[in-house]
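Written out below as structure tokens is the structure these notes cover.
The values are calculated or read from the model by the stated rules, or taken from the named source; none is laboratory data. Fair warning: this is a prediction, and the values are worked out from it, not measured in the lab. Note: ideal-geometry Cβ built from the backbone for every residue, glycine included; neighbour counts use all protein chains shown. Note: areas computed on protein heavy atoms with side chains; ligands, DNA, RNA excluded. Shrake-Rupley method; radii C 1.70, N 1.55, O 1.52, S 1.80 Å.
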Amino acid sequence: MVFVPRSVKQLSQLPDGRSDTEAVGLDSLRSVPAWVLLGEPGAGKSEAFKSEAQSDNGLRLTIAEFVYSDIDEAWKDKCLFLDGLDEVRASATTASILIQVKSRLRKLGQPNFRIACRAADWYGQSDLEELIGASPNGKLPIYTLEPLTAADIKRILEDNFNRSDAENFIAQAEAHGISALLSNPQTLGLTVKALGGQTWPSNRDETYRLACEALVQEENRKHRDQTRFQPVLKGALLEAAGQVFATLLLADKSGVALDQSAQDDRFPALNDLEPSSPEQAAMTLGTALFVPSTSNDQRLEPTHRSVAEYLAADWLGKQIDSRGLPLQRVLNLMLGFDGKAVAGLRGLYGWLALKSLKAQHGLIKNDPLTVALYSDPHPMDVEAKRLLLQEIYFQTHANPSVLWDLRGAENLSALFQKELRDEYLAALQDPKRDDSTQTYVVFILKVLKQSAAQTQLTNELREVAADETRWERVRRHALEAWLE
């Protein structure tokens, strides 16, 4: 597999997002003692860390390994690439996970380090203040991972997926309205897998569904031959995998131990998860939905956390809607003291808002930003999308900073619905110029960016772009939407 070198951009600390920095290659940061890398789910943070660790005499560890294992002498005098902050935040019981990270870094003599986290799960200034004391030079710049370029996508398709029709593939994705999926390495790979004899998917939800159907049978030829004409078995395997993933995520476990010698608190045995169908659950472990753990060859982990979240939410949605599982019982395991989804379960929460119609409106009202960023609003009906916009408006006007830390989420077109023209128009024509209003307008412009022509808002977008009373960032997004 070819790794495509990635670019990053330093995150501005200003609310309007202005920044003098240009995108730079990740390799140009090797002389920087400490920094944080943010990106959306599946953006390629882990692969980028693996590549940089190999090239920079470094060592990649998960935050869980770093905090919960004994300090290894091999960690000293190494640049540490600490991955997956968002996955372990809910595990910290006595002290903030970052306080524990800082303590360990100090015990190691404050080596150079890098930390990766999902953008929506980085707590901004509060996280910075907790961690900066471990930086060798007292500085901790924050960078966001840039999306794949067209050239990157073409190279990955050709080299990693053997697609000789890369340019046509990209053109077809644009024609089907899912070109944004290609700029994320994870969803690019899933899109390729989803096209195994199928028609083009129209959204993220369909892409994940088709890809999971391919993954559940991809590795084992005999199993694939036996189930080729048995879609019910394929569905049963996906459901069994969904239950395993749901249990792992809600119990904050890393994976499954195949042998008693490999069991520990992070890797329980399959039987300890009490699957409804042990035989089918065991069969899923032999599929491409699971990959070997780097910590032990007798352990398996989900192929990617976003895949685990998707299938877990699908299983939980069925239990809630059709099989009597109380929603509150699930929420008791997912929500923090503030009533919002805990960081490590935001992906599960977001997908559940799509997969459970009974729970959908309640989940949206409780935590609309998590639903907008971690789910796929595209298949939702117009009332659900209207509710999402309304609740995000309320949250932004109560505290505009909730959106300031989400500047990396450039594509929100899944929230678009032409029947919501009046809502978009009201935002664009709002005469107020306070931070809350302008922040929300940026959000709406991201929703409109790829679909504005369908709402016939051309003149309104041009007026916003020409309005000197607005933030430069508002005008830029309006101009881009108008040009589209």
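Numbers at a glance
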| item | result |
| --- | --- |
| Only listed residue being open to solvent by 50 Å² or more (accessible area, probe 1.4 Å) and of a type in the set (D, E, K, R), chosen from Asp272, Asp252 | Asp272 |
| Flag for Gly138 being farther than 30 Å from Phe337 by Cβ and out of contact with any Phe, Trp or Tyr (no Cβ under 9 Å at 6 or more places or on another chain) | yes |
| Any helices (runs of 4 or more DSSP H) falling wholly within the range 408-473 and containing at least 3 residues that are open to solvent by 60 Å² or more (accessible area, probe 1.4 Å) and over 30 Å from Lys45 (Cβ atoms) | 421-428, 458-466 |
| Residues within the range 121-142 that are touching a Leu at 6+ places or on another chain (Cβ under 8 Å) and open to solvent by less than 20 Å² (accessible area, probe 1.4 Å), tallied | 7 |
| Subset of the range 93-145 (residues that are under 22 Å from Trp75 (Cβ atoms) and among the small types (Gly, Ala, Ser)) | Ala95, Ser96, Ser103, Gly109, Ala116, Gly133, Ala134, Ser135, Gly138 |
| Condition broken by Leu363, with the remaining ones in (1) under 27 Å from Val88 (Cβ atoms); (2) surrounded by fewer than 18 Cβ atoms within 10 Å (Cβ to Cβ) satisfied | (2) |
| Yes/no for Ala53 being of a type in the set (Gly, Ala, Ser), in contact with a Cys (Cβ under 8 Å, 6 or more places away or on another chain) and either at pLDDT 90 or above or part of a loop (DSSP other than H, G, I, E, B) (or both) | yes |
| Any chance Ala173 is surrounded by 19 or more Cβ atoms within 10 Å (Cβ to Cβ) and touching a strand residue (DSSP E or B) at 6+ places or on another chain (Cβ under 8 Å) | no |
| Residues that are at pLDDT below 90 and assigned to a strand (DSSP E or B), drawn from the range 118-144 | Arg118, Thr144 |
| Residue identified as within 20 Å of Tyr143 (Cα to Cα), small (Gly, Ala, Ser) and surrounded by fewer than 18 Cβ atoms within 10 Å (Cβ to Cβ) among Ser69, Ser103, Ser55, Ser96 | Ser55 |
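Yes/no matrix, rows are residues, columns are (1) open to solvent by less than 30 Å² (accessible area, probe 1.4 Å); (2) assigned to a loop (DSSP other than H, G, I, E, B); (3) hydrophobic (A, V, I, L, M, F, W, C); (4) at pLDDT below 90:
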site: Lys154; (1), (2), (3), (4): no, no, no, no
site: Glu158; (1), (2), (3), (4): no, no, no, no
site: Ser164; (1), (2), (3), (4): no, yes, no, no
site: Glu167; (1), (2), (3), (4): no, no, no, no
site: Gly177; (1), (2), (3), (4): no, yes, no, yes
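Conditions tested, residue by residue: (1) under 23 Å from Thr439 (Cα atoms); (2) crowded, with 16+ Cβ neighbours inside 10 Å; (3) in contact with an Asp or Glu (Cβ under 6 Å, 6 or more places away or on another chain).
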{"position": "Ile320", "(1), (2), (3)": "no, yes, no"}
{"position": "Arg329", "(1), (2), (3)": "no, no, no"}
{"position": "Met334", "(1), (2), (3)": "no, yes, no"}
{"position": "Val342", "(1), (2), (3)": "no, yes, no"}
{"position": "Lys358", "(1), (2), (3)": "no, no, yes"}
{"position": "Gln395", "(1), (2), (3)": "yes, yes, no"}
{"position": "Ala398", "(1), (2), (3)": "yes, no, no"}
